[in-house]
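The values are calculated or read from the model by the stated rules, or taken from the named source; none is laboratory data. Treat the numbers as computed from the prediction; the structure is a model and nothing was measured. Here the Cβ positions follow ideal geometry from the backbone for every residue, glycine too, while neighbour counts run over all protein chains shown.
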Number of protein chains: 2
Amino acid sequence: MANALVSQSGGPTGVINASLVGVIEQTKKHSKIDKLYGAIHAVRGIIDGNFIDLTSLSSDILEKVAASPSAALGSSRDKPDKEYCEKVLAVFKKMDIQYFFYIGGNDSANTCHIINNMAKESGYDLKAFHVPKTVDNDLRVTDHCPGYGTAARFVACALMGDDLDNRALPGVKIDVIMGRDAGWLTAATTLGQQRDDDGPHLVYLPERPIKIEDMVKQIQEVYDRLGRCVVAVSEGIRDADNVLWAKRIKEDAEVDAHGNVQLSGSGALADFLAEKIKAGTGIGRVRADTFGYLQRSFAGLQSPTDAAEARRCGQEAVKLSETKQSGSVTMQRTGDGDNYAIDYICTDLGNVAEHTKPLLDEYINAAGNGVTEAFRKYATPLVGDLPQTHYLGTYPKV
Amino acid sequence: MANALVSQSGGPTGVINASLVGVIEQTKKHSKIDKLYGAIHAVRGIIDGNFIDLTSLSSDILEKVAASPSAALGSSRDKPDKEYCEKVLAVFKKMDIQYFFYIGGNDSANTCHIINNMAKESGYDLKAFHVPKTVDNDLRVTDHCPGYGTAARFVACALMGDDLDNRALPGVKIDVIMGRDAGWLTAATTLGQQRDDDGPHLVYLPERPIKIEDMVKQIQEVYDRLGRCVVAVSEGIRDADNVLWAKRIKEDAEVDAHGNVQLSGSGALADFLAEKIKAGTGIGRVRADTFGYLQRSFAGLQSPTDAAEARRCGQEAVKLSETKQSGSVTMQRTGDGDNYAIDYICTDLGNVAEHTKPLLDEYINAAGNGVTEAFRKYATPLVGDLPQTHYLGTYPKV
């Protein structure tokens, strides 16, 4: 018998707590795990000795946790170096923690990987498993990431409503969507489209750098055709020379511990685009919203599929630890449409660590400003049923 | 027998279509109404002759319309003057429209009032009724406005999630909320609070002008106490001398046809506040989101109470037209808590036109930076059941 530790890292999602609950409930069934600790604020909590005992939470509390957005154990943006990881391993040894479940993105998989290698080198029997999460959907190997379906549901519902709003009061509307390096979430803004002329009419992705003048021209074309234009833009959109627009706008942009420019939590990119479009087109009504943290943390809006899969990923990590030494839980799609189904398999931590997966070429249209039917087929099962809407203004006139 | 006309005006809401459907279904039961026309884009559609026939829509379509956010007939920001209203009346006469149902805010009530007076003066038998709608909840006479409960539900769920996000990754988070002249919607950000230290910890309202230095000081105090601070700020927040901060930031701000400064659809105020707070406190992690149009047009997130009341208001307007000449539908609360109930009564158009109702003094705390228990009691029945959440990080440490 030994102890286990779970924690949550990086940007929260709408279902990262479902994964946590999956770990908690499966740990109870694990024959060799005694206590399960939760580290508060991820690796920071481990080295600070900030733990809670998760062994005996009631099922009522667990269900409430599973339904809550954000990370119930707290999170951290710390990116541990070798020395930091050595401290973590020292705590594991001291507390007899031989099972480590780390819920996070590619940086967290990397941390898990480093600690796992250190344990091996020092002859300490640690089972280290990474449970995937990210609204960005940019982890490698896995078909998709827990957290994506719920964020995708949010932006799909948001664009459905925003497009109807733009029909009622026509003009140009820009919506800036999360996704620093990959356009997966921005692409999901299209998933609620029901009519031929439903927005977003243009979708700009980090994978397709574009000059501002070209964007303005494309918006003008849609506006001339439909009398309005709804645009989804990734916060990670890049100029033709591949420099982040957000960086160009704000050269002194705040940089986080991972060396990334702060994109969310600021309306600067949206306002910049609105100004450029106003100036470049002469269209009077141009509005821009930045969806910000709502996309990852809105209460009461989980995709049921995403919530179930996230929980299962947590459970699978614990199951894997019965027979394997380390790895990352990944989802493999075995059926689509009505036969949509997922197999849960294990991949090496190194396969998921560090690098990310951009939106696939086959999911981006030839013009580089929209998605393909293949993307719709891929993403539709992940968001759950979407609301149906109806608009009357386009009916034949009297 | 004569014809009727309905249209929707001003900023859309999540349930203005429920009111439209209420009008449509009740019109079918009206013994003296022949055809029901919908004017596309409000008064603009009337003078442009842009109508659709709403007499024979299927109940399947009507239910989809009722569930859809935004204005299914389109809206307009035109503020008709006397000449404009004369054109409207001429169209009414030409098309034998003797029943006019206008769904909108105080400006729309005013338009309805003017046209009604003109009809009287010219001896034309027009029944003119205003159906209230606004996310701002600032119409006079009525207990609350259809549209408010749904927008309030959105901001309550948003703040529940955002507060949990801020627990996970602590810092200062500013959320800028709609409401040009009244703090009703900003106050509703508090409705999801479940724990003593749940945010928003500070609420800034148009009704309580404040110096930026005082706001920074209050945020620093909360941050020192809790290690984090979530702040809800109305877009209509004013400096100590009662000038809109949004105006002060952007003296050349776009002004709409009603002489109002553009507040939504821009992140400028949020970013300005974040900069001021960073500079004034030295706190590293300060983020700001502007909720923008999501608050009024998110698909699939109606408050059930609000949707039912909005529909009923539409029905009541048609019922009133059987016995009265003109008026605005208002809601009068006859019970609270578990006995929450509403009576629908008629008030003169002039009582609702033009002027607005600020958030009541009794709903604002003594410090001017939060709400009272009386506000919670008032607003809780309007938003429907909110999700329950749970956070583990505050449990006793191991």
**Every residue from segment A:340-398 that is of a type in the set (Val, Ile, Thr) and within 14 Å of chain B (Cβ to nearest Cβ)** = A:383, A:389, A:394, A:398
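Here are some residues: B:147, B:171, B:227, B:183. Which one is over 24 Å from residue B:18 (Cα atoms), in contact with a helix residue (DSSP H, G or I) (Cβ under 9 Å, 6 or more places away or on another chain) and within 14 Å of chain A (Cβ to nearest Cβ)?
B:171
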**Prompt:** Does residue B:42 count as small (Gly, Ala, Ser), over 19 Å from residue B:132 (Cβ atoms), touching a residue at least 60 places away in the same chain (Cβ under 8 Å) and at the interface with chain A (Cβ under 10 Å from one of its Cβ atoms)?
**Reply:** no
**Message:** Within segment A:65-84, take every residue that is in contact (Cβ under 8 Å) with a residue 40 or more places away in the chain and surrounded by fewer than 23 Cβ atoms within 10 Å (Cβ to Cβ) and give me the one that is farthest from residue A:295 (Cα to Cα).
**Reply:** A:84
**Request:** Go through segment B:357-378 residue by residue and tally those that are within 18 Å of residue B:141 (Cβ to Cβ), buried (at least 18 other Cβ atoms within 10 Å of the Cβ) and not basic (Lys, Arg).
**Result:** 3
**Request:** Kindly provide the set of residues from segment A:324-350 that are in a helix (DSSP H, G or I) and surrounded by 17 or more Cβ atoms within 10 Å (Cβ to Cβ), ordered by number.
**Result:** A:349
**Prompt:** Pick from A:300, A:292: which is part of a loop (DSSP other than H, G, I, E, B) and out of contact with any helix residue (DSSP H, G or I) (no Cβ under 8 Å at 6 or more places or on another chain)?
**Reply:** A:292
**Asked** Quick one: would you say residue A:45 is within 16 Å of residue B:168 (Cβ to Cβ), out of contact with any helix residue (DSSP H, G or I) (no Cβ under 8 Å at 6 or more places or on another chain) and in the same structural domain as residue A:59 (by TED's automatic domain parsing)?
**Response** yes
**Prompt:** Out of all the residues in segment A:351-396, which are in a helix (DSSP H, G or I) and either touching a His at 6+ places or on another chain (Cβ under 9 Å) or of a type in the set (Gly, Ala, Ser) (or both)?
**Reply:** A:352, A:374, A:378, A:379, A:382
**Complete:** Just one listed residue, out of A:56, A:75, is part of a loop (DSSP other than H, G, I, E, B), at pLDDT 95 or above and out of contact with any Phe, Trp or Tyr (no Cβ under 9 Å at 6 or more places or on another chain), and it is A:75
**Request:** Given the conditions (1) over 30 Å from residue B:28 (Cβ atoms); (2) out of contact with any Gly (no Cβ under 8 Å at 6 or more places or on another chain); (3) among the aliphatic types (A, V, I, L, M); (4) surrounded by fewer than 24 Cβ atoms within 10 Å (Cβ to Cβ), report the number of the one that residue B:119 does not fulfil.
**Result:** (1)
**Request:** Determine whether residue A:182 is modelled with pLDDT of 95 or more and in contact with an Asp or Glu (Cβ under 8 Å, 6 or more places away or on another chain).
**Result:** yes
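Tell me yes or no: at least one residue of segment A:145-166 is within 20 Å of residue A:39 (Cβ to Cβ), surrounded by 24 or more Cβ atoms within 10 Å (Cβ to Cβ) and not basic (Lys, Arg).
Yes, there is a match, as at least one residue in segment A:145-166 is within 20 Å of residue A:39 (Cβ to Cβ), surrounded by 24 or more Cβ atoms within 10 Å (Cβ to Cβ) and not basic (Lys, Arg).
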**Fill in**
Of B:106, B:116, the only residue that is more than 14 Å from every other protein chain (Cβ to nearest Cβ), in contact with a Ser or Thr (Cβ under 7 Å, 6 or more places away or on another chain) and at pLDDT below 95 is B:106
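Yes or no, residue by residue, for (1) touching a Gly at 6+ places or on another chain (Cβ under 9 Å); (2) modelled with pLDDT of 95 or more; (3) not assigned by TED's automatic domain parsing to the domain that holds residue B:271:
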{"residue": "B:340", "(1), (2), (3)": "no, yes, yes"}
{"residue": "B:363", "(1), (2), (3)": "yes, yes, no"}
{"residue": "B:369", "(1), (2), (3)": "no, yes, no"}
{"residue": "B:398", "(1), (2), (3)": "yes, no, yes"}
**Asked** Of (1) surrounded by fewer than 24 Cβ atoms within 10 Å (Cβ to Cβ); (2) within 12 Å of chain A (Cβ to nearest Cβ), residue B:315 satisfies all except one. Which?
**Response** (2)
